[in-house]
2 protein chains.
Amino acid sequence: MTAEQNSALDAMIGYNLKRANTIAESQIRRCLANIGLAPREFSALALAVEIPNITQSTLARHLGVERSGLVSTIDALEQRALLNRVAVPGDRRIQALIATAKGIAAHQEALCAIQMQEEQLTQVLSATEIDSLRAVLQKIRKFEEGKTP
Amino acid sequence: MTAEQNSALDAMIGYNLKRANTIAESQIRRCLANIGLAPREFSALALAVEIPNITQSTLARHLGVERSGLVSTIDALEQRALLNRVAVPGDRRIQALIATAKGIAAHQEALCAIQMQEEQLTQVLSATEIDSLRAVLQKIRKFEEGKTP
DNA sequence: GGTCAACTGTTACAGAGGTTAACAATATTT
DNA sequence: AAATATTGTTAACCTCTGTAACAGTTGACC
């Protein structure tokens, strides 16, 4: 009565993680599509809004992604005028990212949409289950990502 | 002291799910590479071993994937002689998948490797935290996947 | 029975996310 | 001054995934 195990796969944390992530990602993709943002663009925009003048390299580090993989994302955000790459006086290698007013507005809108999506995703869980899930996932992240940050 | 929140992203279940899944997937990919299996191939092989004579369509349904996406995976497994597609007398549309002895052996080996990986992934968690994580992820899956199975 | 609907495996195509390797321009270290 | 490191960028590639179409086959219905 606890959990009908169809397969040994259902006992694996990794497999359950993947399936749950697939569900969450498709929900997020759908609700961000209304705003015209891909999941990847949202997370990059979010950090650009929260950390003004952030650099693409440090942004990539925050997101746990190679910096090369971020170029096209920033391109898209800049083309839609949600942020700008601005030159930095002291260092001519880097370009500071600053979100535009339009970008900040889109970010706010996306935050609302995702909050609703999170409620939908976790509506079958109790408040303590949600907190526990978040805490445990963060624990895994901090342990594994902390190895070579 | 509980959790240093760098960004609002870190409070989102969906984002933590994605990051944790990335970690787990890369671990799994690495440890399955020794056996010569991709993650996708492992999950397909696992079900073929557990459910003899399973059909590609029902296998796809179990994995939550389109059946077209499974063709190349089954091709790879068949080319490596880990399973066979055999004709079914009653119905000439379907082909039953049956794992070979070599396939069963590879599956066993992969199970061991993944068990070690799971211990590595969850080594920072208590036993109750692990059980809780698995239970909560399954709860999400059952709720969302149960909508249109 | 014959027709229409439904299912199976397959192919071709597309797209998102991600990685690695190289590169030129620029800073930093020694 | 020279060697080393960093930044942004491009190009090529991989995996997973979905969509749309298809021919062959089966089942349902009248």
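The values are calculated or read from the model by the stated rules, or taken from the named source; none is laboratory data. Small disclaimer: the values here were computed from a predicted structure and weren't measured. All Cβ positions, glycine included, derive from the backbone under ideal geometry; neighbour counts span all protein chains shown.
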For this session: Can you tell me which residue within region A:34-58, out of those that are within 14 Å of chain B (Cβ to nearest Cβ) and within 12 Å of DNA strand C (Cβ to nearest atom), is surrounded by the fewest Cβ atoms within 10 Å (Cβ to Cβ)?
Result: A:Ala38
Exercise. So which residues in region B:27-66 are over 17 Å from A:Ala20 (Cβ atoms) and hydroxyl-bearing (Ser, Thr, Tyr), if there are any at all?
Worked result: B:Thr55, B:Ser57, B:Thr58
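Within region A:61-68, identify whether any single residue is within 12 Å of DNA strand C (Cβ to nearest atom), under 14 Å from the mean Cα position of the chain (by Cα) and surrounded by 18 or more Cβ atoms within 10 Å (Cβ to Cβ), and answer yes or no.
Yes, because at least one residue in region A:61-68 is within 12 Å of DNA strand C (Cβ to nearest atom), under 14 Å from the mean Cα position of the chain (by Cα) and surrounded by 18 or more Cβ atoms within 10 Å (Cβ to Cβ).
What are the residues in region A:123-135 that are polar (S, T, N, Q) and surrounded by 17 or more Cβ atoms within 10 Å (Cβ to Cβ), if any? Please lay out each step first, then the result.
Step one: of region A:123-135, the residues polar (S, T, N, Q) are A:123, A:126, A:128, A:132.
Across region A:123-135, the qualifying residue is only A:Ser132.
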Exercise. Which residues, counting only those in region A:12-22, are crowded, with 19+ Cβ neighbours inside 10 Å and either within 15 Å of the chain's Cα centre (by Cα) or within 14 Å of DNA strand D (Cβ to nearest atom) (or both)?
Worked result: A:Gly14, A:Tyr15, A:Asn16, A:Leu17, A:Lys18, A:Arg19, A:Ala20, A:Asn21
Exercise. Which one of B:Ala3, B:Ala20 is modelled with pLDDT under 95 and hydrophobic (A, V, I, L, M, F, W, C)?
Worked result: B:Ala3
Problem set entry | region A:41-73, residues that are closer than 22 Å to A:Asp91 by Cα and touching a residue at least 40 places away in the same chain (Cβ under 8 Å) | A:Ala48, A:Val49, A:Pro52, A:Asn53, A:Ile54, A:Thr55, A:Gln56, A:Arg61
Seminar exercise, completed: Condition set surrounded by fewer than 16 Cβ atoms within 10 Å (Cβ to Cβ) and not acidic (Asp, Glu), scope region B:23-33, selection nearest to DNA strand C (Cβ to nearest atom): answer is B:Ser26
For this session: Scan region A:9-31 and report the pairs whose first residue is facing another protein chain (nearest Cβ under 7 Å) and whose second residue is crowded, with 21+ Cβ neighbours inside 10 Å and among the β-branched types (Val, Ile, Thr), with Cβ atoms within less than 6 Å and a gap of 6+ or a chain change.
Result: A:Gly14/B:Ile28; A:Ala20/B:Ile140
Exercise. Take the residues of region A:93-122 that are crowded, with 21+ Cβ neighbours inside 10 Å, within 10 Å of chain B (Cβ to nearest Cβ) and of a type in the set (A, V, I, L, M, F, W, C): which is farthest from DNA strand C (Cβ to nearest atom)?
Worked result: A:Leu121
